[in-house]
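Worksheet for the structure shown next.
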Amino acid sequence: MRSLIAGNWKMNSLLADGRERAGVIAARAGGADVCDILLCPPATLLGELAARLRGSPVMLGAQDCHAEAEGAFTGDIAAPMLADLGCSHVIVGHSERRRDHGETDASVAAKASAVHDAGLAAIVCLGESAEQRDAGGARDVVRGQLRASVPRSADSTNTIVAYEPVWAIGTGDTATPDNVAALHRNLREDLLDILGDDGAGIRLLYGGSVNAGNAAELLAVPDVDGALVGGASLNVDEFWTIVESGRTA
Ligand code: 13P
């Protein structure tokens, strides 16, 4: 499967540097035979990046949305608004939102469903904590999250699953290729179980301290169909090296 390399800028970048970074990536992508690329800047930069990326193969995504399509929800952003801006994807259930905003599997599923209703693709994030890993429960935790966070509206055209072990995020402590292979194999089996044959077409991304030095090895793992990159996506050259490690077919 063709790889997707997604940059999650998290709460980083002001207008000037976001514009510059997106412009360089769009220019490089325009003249290269590379895998699929998605940029997920903070909401403040979505409009600006939409203009920058217009006409380029680089796609635009948001980092979160509300589960309702509109209404009295001060400070929130609805999925149709993101579609209106030119987004194609929305990340939902990132562990930082589960941790800092009390998001549960049920609220993540509701958001993913709202993303689907808006005609966009949801990137549903899953991953075990260090305590859960140490207790030997990673597989069960991740399986439970998958079953409860992926809504009934999911199919291979509108859903991507990102496995991001919490202990690997922003720590430099990447899961080993063997661990990633085992977890992704299990996720694939579960997706086939939940969605039937269509589960084979759902992209499975790995995230957690992916960088220019480890991307090629991680992206070569079976059932790793791309990467969700945090810190390293803020450096254009490092991000581009990761993009070049992805499969183009
Ligand atoms: P880092 O690549 O900084 O570890 O972040 C991963 C992540 O959370 C991407 O969503």
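Bear in mind that the values in this text are calculations on the coordinates, not laboratory data. Since we're looking at a predicted model, the values are computed, not measured. FYI the Cβ positions are ideal-geometry reconstructions off the backbone, even for glycines, and counts take in every protein chain you see.
Side notes on the structure shown:
- Of the peptides 33-45, 86-98, the ranking by mean beta-carbon count within 10 Å, highest at the top, reads 86-98, 33-45.
- The stretch between Ala182 and Glu244 holds 19.9 nm of extra length on full extension. This uses 0.36 nm per residue minus the Cα-Cα distance.
- Computed lengthening from Ala148 to Ala106, 0.36 nm per intervening residue step minus Cα-Cα distance: 14.5 nm
- Amide H contacts for Val229 (H built 1.01 Å from N in the peptide plane; partners 5 or more residues away or on another chain; cut-off under 5 Å): Ala6, Gly7, Asn8.
- Look at Val210, Val24 and count the other Cβ atoms within 10 Å of each Cβ; fewest to most, that gives Val24, Val210.
- If you model the chain as an ellipsoid using its alpha carbon gyration tensor, with each semi-axis the square root of five times an eigenvalue, the axes come out at 25, 22, 17 Å, biggest first.
- Additional length obtainable on full extension of the chain from Thr74 to Asp237, 0.36 nm per residue less Cα span: 54.9 nm
- Taking every DSSP helix (H) stretch of at least 4 residues in the chain, weighting each as -39,500 (n - 2.57) and dividing the sum by the residue count yields a mean residue ellipticity at 222 nm of -12000 deg cm²/dmol.
- Cβ-based exposure ranking for Arg133, Arg21, in which fewest neighbours within 10 Å come first: Arg133, Arg21
- Annotation: for a label point projected 7 angstrom from Cα along Cα→Cβ of Asp84, residues of the range 25-48 with backbone N closer than 20 Å are 41-48.
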